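Structure first, commentary second.
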Amino acid sequence: MTRHEHTATDEVAPVSRVTPQVTPQVTPREITAVVFVGTHPERYLVAVRSLLDRTDLDVVVGCLYTQFLSNFAGLGPRVQSRMVGSVAELANVVYGERRTHLAVVNEPCLLPPDPFATAIAWLSDDLRFASISFLSNAADFLSFPVRNLPQDRAPDGHDEVTITRRLRSLTPAAGPTTATFATGPIVVLGAPALAAVGEIAAPASARFDIAVADFCVRARAKGFVDLIDTSTYVLRPSDLAIEPIDTTLTPDDRGWLLHRHRSMVAFLDAERVSGDSAFALAHQVARVKVQGLRILIDGSCFGPNQVGTQVATAHTIRALALHPEVAEVCVALPGPIPPYAADVLSAPKVVSRREDDLRAFGAIDVAFRPYQPVPGWDLSRWKGAGVRFVVSVLDTIAFHNGGYFATTGEWMAYRAFLEETVRAADAVVTISDDVVEQMVLHQLPIERTRVTSVPLGTEHLRGDQRGHLPDELAARGFVGGAFALCLGVNYSHKNRELALDAHALVREAGHELALIFAGPSVPHGTTRVLEARRGPREHVFVLPELSEPERNWLLRHAAFVWYPTSAEGFGLVPFEAASFGTPTVAVDFGPVRELAHGGRPSSHGDGVPVLAADWSAKALSAVACRLLDDPGLARRHVEALVAAGDRYSWAASGDALVRLFRQILSRPRR
């Protein structure tokens, strides 16, 4: 801070020193602003007017020279002036007279609206708070947006009003944060601490930052605590600066502090560089509130083929890039940009490049893998790629079922890697509350408070997308007519054999429907054998993975969709089918219950009007027959799914991720 020095020849009126005595409890709004004017009174006049405009406080101006007093005449009854020799002396005198909290202006500065509301509330709640400082462009180790690096102005596009508004409006709310000691162009000193500690002492240099640091350490010895209000930003414009910004401790000042408090200087040096101190955490949250998040996305899924993972990752990137509180989305790619991702990866605020060197992206706030981690992924590199590391767990199906792996060793390796990744993550994102419950059930090693459900969006299919009849369907003998569709991979938990059984009962009930299976096959853990045991069926057609237009045609023209799955993380198929006007036969369980009708059984009459009670062929076929026999019920079924899907948008998903990222930046690393 600026050093206010004077010599024996300075014309300073004598001031009687007042030693503070124990004072009665201070009422919540009793605070006095004190402003010391050592030089350049016209600049301090700006600060006084800011106090008068932004607060209802009384202001006591202390002047070093008699001729300065005229600058503050005529400002009204709230302003008093007197002759004193230093900031510390003025604070001691005013406290001795008024016994109030003090807002001490040490440098000309501009205040935001209602700057002391939070400080006064804290001081009223707890008498043990000695001081409260504020973020500022020039506040030594509290400097904002870069710690320990004072700037001559606010960040581009901002001033004290806009920065404070953002700091106060965005989550997480800024609570009390401990400080090394008070510093900055203005600090609030608590009346109880002033009473307990005694008057503020000053070094020979008369620097107030050194004097108040000494006061804070003396108060700490008595059990008091120093705080920072990271919801309030005070601007020290360069055109009001008295001297060039210099917060370096001179040998004399360092020696004075060391003599009085031998551990203090070393503690300050450690706090300046700590990344996990209370202030470091609060500062980085404040920084991303004002400047926006820089997010690094693992885009290694972007290969030549596009399935659900690529769709969800692309929409996540787009949602984050469109978010006003995100500065930049960086995407690490395994190779050239595939055509299906070209649009999203060329969007404003999106930067993509090969993932060979993650450091090439620069400083990253959050490194995020938005899909399931698998062995072979470089966990250690991604763990260190950002200030915080977040991973998605989409489901625990493979963790629970070894049938999806070629050997027991591969399954054990998968389980161990998922546990290792979850243990290393600062937070885990799931796509439904049901997945959170499954993680708790399996005791995956992360605290529940660090697991957040962020549902996917559902509006990427609107029902008006282009579609055409799959060429392969005709090639395999389908000549037309009504059909039901079973869409998805042939994993064992998809229960395709149950769809065969239920479909047979639907046909026995008089509904002449073909059955079309469409989706990729996996090498292990399929229903292939179970399907074969049902015997040949000429009305069943099995197709491989199809193009998006072919899938759209099937969803649009199916009489209904079979969805007998018994394990999902989210379950997009019912929402996708409903967007094309097609109902879905599913079981009333887990994520279907959660997402389709708010977690309540369908028998309660909420949400989707008809779902199967269990996975028996009888229960599934009964639902299918009701939908076929009652077009009104089928219409209400689709409408309910569309309405449920409207609750889950990619914009809402992006907003939830941004809130989560700011939240984890406010907490220590795991």
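The values are calculated or read from the model by the stated rules, or taken from the named source; none is laboratory data. This is a predicted model, so every value here is computed, not measured. Neighbour counts run over all protein chains shown; Cβ positions are idealised from the backbone, glycine included. Accessible surface is based on the protein model in full, side chains and every heavy atom, while ligands, DNA and RNA are left aside. Shrake-Rupley method; radii C 1.70, N 1.55, O 1.52, S 1.80 Å.
So if I place +1 on the C-beta of Lys and Arg and -1 on the C-beta of Asp and Glu, and nothing else carries charge, what would the dipole magnitude of the range 253-324 be about its Cα centre? I want it in debye, nearest 20.
Using Cβ point charges on Lys, Arg, Asp and Glu, the range 253-324 gives about 220 debye.
With a bin width of 10 angstrom, please list the P(r) values of the range 252-384 as percents of all Cα-Cα pairs, from the 0 bin to the one holding the largest distance.
Calculated over all Cα pairs of the range 252-384, the distribution is 11, 33, 26, 13, 9, 6, 2 percent.
Rounded to the nearest 20 debye, what is the charge dipole size of the chain about its Cα centre when +1 sits on each Lys and Arg Cβ and -1 on each Asp and Glu Cβ?
600 debye
By how many degrees, 0 to 90 and rounded to 10, does the Cα axis of helix 278-291 deviate from the longest principal axis of the chain?
Compared with the principal axis, the helix lies near 70 degrees.
Restricted to Cα positions, what overall size does the range 105-189 have along the principal axes? Three whole-Å values, descending.
37, 26, 21
Please list, in order along the range 123-130, the HN-Hα scalar couplings obtained from phi with the Karplus expression 6.51 cos²θ - 1.76 cosθ + 1.60 (θ = phi - 60°), rounded to whole Hz, x for Gly and Pro.
5, 6, 6, 9, 6, 8, 7, 7
In terms of modelled amide H atoms, which long-range or inter-chain residues lie less than 5 Å from the amide H of residue 232?
Those qualifying (amide H under 5 Å, at least 5 residues apart or on another chain) are 135.
Could you tell me the accessible area of residue 160 in Å² (1.4 Å probe, neighbours in place), rounded to the nearest ten?
Answer for residue 160: close to 20 Å² accessible.
What residues qualify as long-range amide H neighbours of residue 486, i.e. H under 5 Å apart, gap of 5 or more or another chain, H built at 1.01 Å from N?
Hits under the 5 Å cutoff: 516, 517, 518, 562.
Accessible area, 1.4 Å probe, largest first: how do 417, 302 sort?
417, 302
I'd like to compare 503-515, 94-106, 313-325: which one has the highest average count of other Cβ atoms within 10 Å, and what's the full order after that?
Packing order, densest peptide first, comes out as 94-106, 313-325, 503-515.
Determine, for each peptide in 618-629, 288-299, 49-60, the mean count of other beta carbons within 10 angstrom over its residues, then list the peptides with the highest first. Let's see the in-between values first.
Values: 618-629: 19.9, 288-299: 23.2, 49-60: 18.4.
Taking the mean over residues of other Cβ atoms within 10 Å, the ranking is 288-299, 618-629, 49-60.
On the full set of protein chains, 1.4 Å probe, figure out the accessible area of residue 165 and give it in Å² to the nearest 10.
About 140 Å², rounded to the nearest 10.
Provide 264, 83 ordered by accessible surface of protein heavy atoms (probe 1.4 Å), highest first.
So the residues, ranked largest to smallest area, are 83, 264.
Would you mind calculating the relative contact order of the chain from Cα pairs under 8 angstrom and at least 6 residues apart, reporting the percent as a whole number?
11 percent
Please report the net charge: other residues with Cβ closer than 14 Å to the Cβ of residue 223, K and R +1, D and E -1.
Within the 14 Å Cβ shell, the charges total +2.
For a quick protection proxy, order the peptides 125-137, 177-189 by their average other-Cβ count within 10 Å, most packed first.
In decreasing order of mean packing, 125-137, 177-189 become 177-189, 125-137.
Just subtract the alpha-carbon distance of residue 656 and residue 669 from 0.36 nm times their residue separation and send over the number in nm, one decimal.
So the extension gain works out to 2.7 nm.
Counting each DSSP H run of 4 or more residues in the chain as -39500 (n - 2.57), what helix-only mean residue ellipticity at 222 nm follows after dividing by all residues, to the nearest 500 deg cm²/dmol? List each step's numbers first, then the result.
Details: 24 runs with 248 residues, N = 670.
It lands at -11000 deg cm²/dmol.
On average, how much area does the Cα convex hull of the range 52-100 cover when viewed from any direction, in nm²?
Average of the hull's projected areas for the range 52-100 equals 3.7 nm².
In the chain, what percent of the accessible surface is made up of carbon and sulfur (1.4 Å probe, ligands and nucleic acids excluded)?
For the chain, the apolar C and S fraction of the accessible surface comes to 53 percent.
Placing unit charges on C-beta atoms (Lys and Arg positive, Asp and Glu negative, everything else neutral), compute the dipole magnitude of the range 209-290 about its Cα centre in debye, rounded to 20. The partial results should precede the final answer.
On the way: 10 positive and 12 negative charges, 73 e Å.
Rounded to the nearest 20 debye, it is 340 debye.
With unit charges on the beta carbon (Lys/Arg positive, Asp/Glu negative), name the residue among 162, 649, 225 whose Cα is farthest towards the positive pole of the charge dipole of the chain.
Highest projection toward the positive end goes to 225.
Net charge near residue 463, counting Lys/Arg +1 and Asp/Glu -1 over other residues with Cβ under 11 Å of its Cβ?
My count for the surroundings of residue 463 gives -1.
Restricting to Cα pairs below 8 Å that are 6+ residues apart, what does the relative contact order work out to for the range 214-296? Please round to a whole percent.
32 percent
Counting Lys +1, Arg +1, Asp -1, Glu -1, what net charge surrounds residue 578 among other residues with beta carbon under 15 Å of its beta carbon? Present the calculation step by step, with values, prior to reporting the outcome.
On the way: positive: 462, 551, 556, 635, 636, 647; negative: 459, 464, 576, 639, 646.
Taking every Cβ under 15 Å from that of residue 578, the sum is +1.
Name the residue from 436, 408, 386 whose Cα lies farthest towards the positive end of the charge dipole of the range 380-453, charges +1 on Cβ of Lys and Arg and -1 on Cβ of Asp and Glu.
Positive-end residue among those listed: 386.
Got a sec? What order do 156, 269 fall in by accessible area at 1.4 Å, biggest, i.e. largest, first?
Highest to lowest solvent-accessible surface, that is 156, 269.
Where only protein heavy atoms count, and the probe is 1.4 Å, what is the accessible area per residue for the range 183-235 in Å²?
That works out to 20 Å² per residue.
Rounding to the nearest 10 and keeping the result within 0 to 90°, find how far the Cα-based axis of helix 308-322 lies from the longest principal axis of the chain.
Tilt relative to the chain: about 30 degrees.
Helix 41-54: angle to the longest alpha-carbon principal axis of the chain, degrees 0 to 90, nearest 10?
50 degrees
Once the Cα atoms of the chain are picked out, what are the Rg and Dmax in Å?
Rg, Dmax (Cα atoms, Å): 33.2, 111.
State in Å² the accessible area per residue of the range 65-109; use a 1.4 Å probe, count heavy atoms of protein chains only, and round to the nearest integer. Intermediate results must be reported in sequence, preceding the final value.
Numbers: 1510 Å² over 45 residues.
Using a 1.4 Å probe on heavy atoms only, each residue of the range 65-109 averages 34 Å².
Residues of the range 481-551: accessible area per residue at 1.4 Å, in Å²?
Each residue of the range 481-551 exposes 45 Å² on average to a 1.4 Å probe.
Using each residue's phi in the range 618-631, evaluate 6.51 cos²θ - 1.76 cosθ + 1.60 at θ = phi - 60° and report the 3J(HN,Hα) Karplus result to the nearest Hz, with x for Gly and Pro.
4, 5, 5, 5, 4, 5, 4, 5, 4, 5, 6, 7, 10, x
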